[in-house]
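These notes concern the structure reproduced below.
The values are calculated or read from the model by the stated rules, or taken from the named source; none is laboratory data. For clarity, every value in this text was computed on a predicted model and none was experimentally measured. Heads up, the Cβs are rebuilt from the backbone with ideal geometry, glycines too, and the neighbour counts pull from every protein chain shown.
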Amino acid sequence: MSNEKEPLASRIRPKNLDEFIGQEHLVGKGSKNKSKGPLRVATEEKHLFSFILWGPPGTGKTTLARIYAKALSADYHELSAVSAGKEDIKKILEGSGNLLGPKILFLDEIHRFNKAQQDYLLPAVESGKLTLIGATTENPSFEVIPALLSRCRVFVLEELRDEEIKGIIARTGYPLTPEALEWLVRMASGDARQAISMIENTASLYKEITLPNLIQTLQSKHLRYDKKGEEHYNTISAFIKSMRASQPDAALYYLARLTEAGEDPKFIARRMVVFASEDVGLAQPTALVVANDVFRAVETIGIPECAINLAHGAVYLSLASKDRRAYEAYLEAVADVKKYGNLPIPLEIRNAPTKLMKDMGYGEGYEKYTKEDFLPEKLKGKKYWKR
């Protein structure tokens, strides 16, 4: 390995798509019966456009952006939305850069940019002065303003499979015992960055990368909570189940665990909005209003004060009466859709915008207020909603 001071992740980072592991649906070479991945086509044929890479941590978003920009001989810049602001973008836009290549900005964690910051990007992206590559772990439909999102394609990255993680681990050049390898793959949970970091940290402390040494390194680095690891899911699960069991004290405790660990407050607020419909439902319809207000408050107030709004919502939802019937009825309906497919819709409730459709019987006999069963013929009499 040429430069031992260079971080391991940087030393083994792929330089082109042929070295890249994973995301075959985006960068696959294609075959007789399968098309090339869209990002491979764009990179090889040098198609210039703005796009957003949406996926879990450690799945290759930064690497793909760099490979794409290099292929286009771009004037390439990287910023993190956590620390960057309008002035940083202004410097990039005003800089002369590489006059021969397009100006590309890779904006990591684009969901951390507020509306005003995203609005500032918009004119440059619209005019083509700047090509934007955004990276996010959050749903861009919620986190990116519609005007900017409409000018970007969205590519969804998947969690890396176990065999892909093993391939990346092999590339590090460090020998691992079989049990250490299997444990590390499980701990990485599809996150290549975490696997590489664990190898690098263990190698800096011990001569061999064995299972006991990996476990000791994990404990010494205090990696007990990470946003894709087991403790993340354990804690959010405990928070939801505490509210479901109408235990405000437990809900507040697990909420504090989440916020103190640095969890994105909007993630917590979104789970509360879902909970309001899934678990409280029609027993207390105002719960959805409260949960939505909490989400808006979190967006407006931000860290750290928005924890007050989260606590308010958590207690309210914990104390609210519970009714899951609407959600459970919906799941039954979904099961029938999957089982039977798209059954024919009764003619009387079909849309009839043209004379031909009316002549075919669309909409005929429809009455606004009727007890007639509007379900497809095969499902007549089926009751999803349990009164």
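With the condition kept exactly as written, say whether any residue in the stretch 158-165 is more than 23 Å from the chain's Cα centre (by Cα), under 20 Å from Thr202 (Cβ atoms) and crowded, with 19+ Cβ neighbours inside 10 Å. No - not one qualifying residue is present in the stretch 158-165.
Checking every residue in the stretch 362-377 against the condition of being surrounded by 11 or more Cβ atoms within 10 Å (Cβ to Cβ), aliphatic (A, V, I, L, M) and at pLDDT below 75 gives zero matches. Of all residues in the stretch 16-60, exactly one satisfies the criterion of being over 25 Å from the mean Cα position of the chain (by Cα), under 23 Å from Ile165 (Cβ atoms) and either at pLDDT below 95 or in a strand (DSSP E or B) (or both), namely Lys29. Restricted to helices (runs of 4 or more DSSP H) entirely inside the stretch 270-340, those with at least 2 residues that are surrounded by 18 or more Cβ atoms within 10 Å (Cβ to Cβ) and touching a helix residue (DSSP H, G or I) at 6+ places or on another chain (Cβ under 7 Å) are 286-301, 306-319. In the stretch 213-224, of all residues being within 15 Å of Arg186 (Cα to Cα) and surrounded by fewer than 16 Cβ atoms within 10 Å (Cβ to Cβ), the one that is modelled with the highest pLDDT corresponds to Ile215. Applying the selection to the stretch 144-170, what residues are in contact (Cβ under 8 Å) with a residue 40 or more places away in the chain and farther than 30 Å from Ile199 by Cα? Matches in the stretch 144-170: Val144, Leu149, Arg151, Cys152, Arg153, Val154.
When the stretch 250-280 is filtered for residues that are more than 12 Å from Thr235 (Cα to Cα) and either outside the structural domain of Ile303 (by TED's automatic domain parsing) or aliphatic (A, V, I, L, M) (or both), the ones remaining, listed by number, are Ala269, Met272, Val273, Val274, Ala276, Val280. The residue that is surrounded by the most Cβ atoms within 10 Å (Cβ to Cβ), counting only those in the stretch 117-141 that are in contact (Cβ under 8 Å) with a residue 12 or more places away in the chain and small (Gly, Ala, Ser), is Gly134.
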